[in-house]
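Let me begin by presenting the structure, written as structure tokens, before commenting on it.
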């Protein structure tokens, strides 16, 4: 459970960074300060829910696109985020594609790096505590 919460927290941070970078790179991406937190949370939750769903649908009906699952689920999560309130707006097909790629790349690379950094440290600390407890119990 702790691992899931750490992973979700990492995804929330990366969604925030992804939205900020996309809004700074593309004129067609507008993130309203008043709804920024809502947009980030909706994006993170939508990605968490949609990624497995899109993967299963693609695996069953269109296995050729399995490599693009992250992009598809990011696009859908951005779309869902635009539907919730007026926290984020994306206009123009090129902007949609660019924002999807930017948010996906930041999420993928950041998730890999932060996941490794945070979760590995947590796991190593947990293993160290377990070893100490076992040594203390024997001694």
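The values are calculated or read from the model by the stated rules, or taken from the named source; none is laboratory data. Just so it is clear, the model here is predicted, and its values are computed rather than measured. Reconstructed Cβ throughout: ideal geometry from the backbone, glycine too, with neighbour counts over all protein chains shown.
In the range 125-139, how many are part of a helix (DSSP H, G or I) and exposed (fewer than 10 other Cβ atoms within 10 Å of the Cβ)?
Taking the range 125-139 and keeping what is part of a helix (DSSP H, G or I), we get 125-138.
Narrowing the set further to residues that are exposed (fewer than 10 other Cβ atoms within 10 Å of the Cβ) leaves 135-138.
Of the residues in the range 125-139, 4 are part of a helix (DSSP H, G or I) and exposed (fewer than 10 other Cβ atoms within 10 Å of the Cβ).
Of the residues that sit in the range 42-54 and are under 13 Å from the mean Cα position of the chain (by Cα) and buried (at least 19 other Cβ atoms within 10 Å of the Cβ), which one is farthest from residue 11 (Cα to Cα)? Steps first, answer last, please.
Going through the range 42-54, the residues under 13 Å from the mean Cα position of the chain (by Cα) turn out to be 42-52.
Filter once more, keeping what is buried (at least 19 other Cβ atoms within 10 Å of the Cβ): 42-44, 46-47, 50.
Values: 42: 11, 43: 9, 44: 6, 46: 11, 47: 9, 50: 14 Å.
If we take residues in the range 42-54 being under 13 Å from the mean Cα position of the chain (by Cα) and buried (at least 19 other Cβ atoms within 10 Å of the Cβ), then 50 is farthest from residue 11 (Cα to Cα).
Quick check on the range 1-41: of everything there that is touching a residue at least 12 places away in the same chain (Cβ under 8 Å) and not in a helix (DSSP H, G or I), which residue is surrounded by the most Cβ atoms within 10 Å (Cβ to Cβ)?
29
Quick one: residue 57 ticks every box in (1) at pLDDT 90 or above; (2) more than 19 Å from residue 101 (Cβ to Cβ); (3) more than 14 Å from the chain's Cα centre (by Cα) bar one, so which box is it?
(1)
Can you find, within the range 82-95, the residue that is surrounded by the fewest Cβ atoms within 10 Å (Cβ to Cβ) among those that are assigned to a helix (DSSP H, G or I) and touching a residue at least 60 places away in the same chain (Cβ under 8 Å)? Please lay out each step first, then the result.
Filtering the range 82-95 for residues assigned to a helix (DSSP H, G or I) gives 82-83, 93-95.
Restricting the remaining residues to those that are touching a residue at least 60 places away in the same chain (Cβ under 8 Å) gives 94-95.
Details: 94: 10, 95: 17.
The extreme case among them is 94.
Which of the residues spanning the range 73-96 are modelled with pLDDT of 90 or more and closer than 11 Å to residue 46 by Cβ?
74, 75, 76, 77, 78, 79, 80, 81, 82, 83 - these are the residues of the range 73-96 that are modelled with pLDDT of 90 or more and closer than 11 Å to residue 46 by Cβ.
Please indicate, with yes or no, whether at least one residue in the range 31-40 is closer than 21 Å to residue 6 by Cβ and under 20 Å from the mean Cα position of the chain (by Cα).
yes
Within the group 79, 112, 122, 116, which residue is in a helix (DSSP H, G or I), under 18 Å from the mean Cα position of the chain (by Cα) and surrounded by 12 or more Cβ atoms within 10 Å (Cβ to Cβ)?
Working: 112 fails: surrounded by 12 or more Cβ atoms within 10 Å (Cβ to Cβ); 122 fails: under 18 Å from the mean Cα position of the chain (by Cα); 116 fails: surrounded by 12 or more Cβ atoms within 10 Å (Cβ to Cβ).
From the options 79, 112, 122, 116, the qualifying one is 79.
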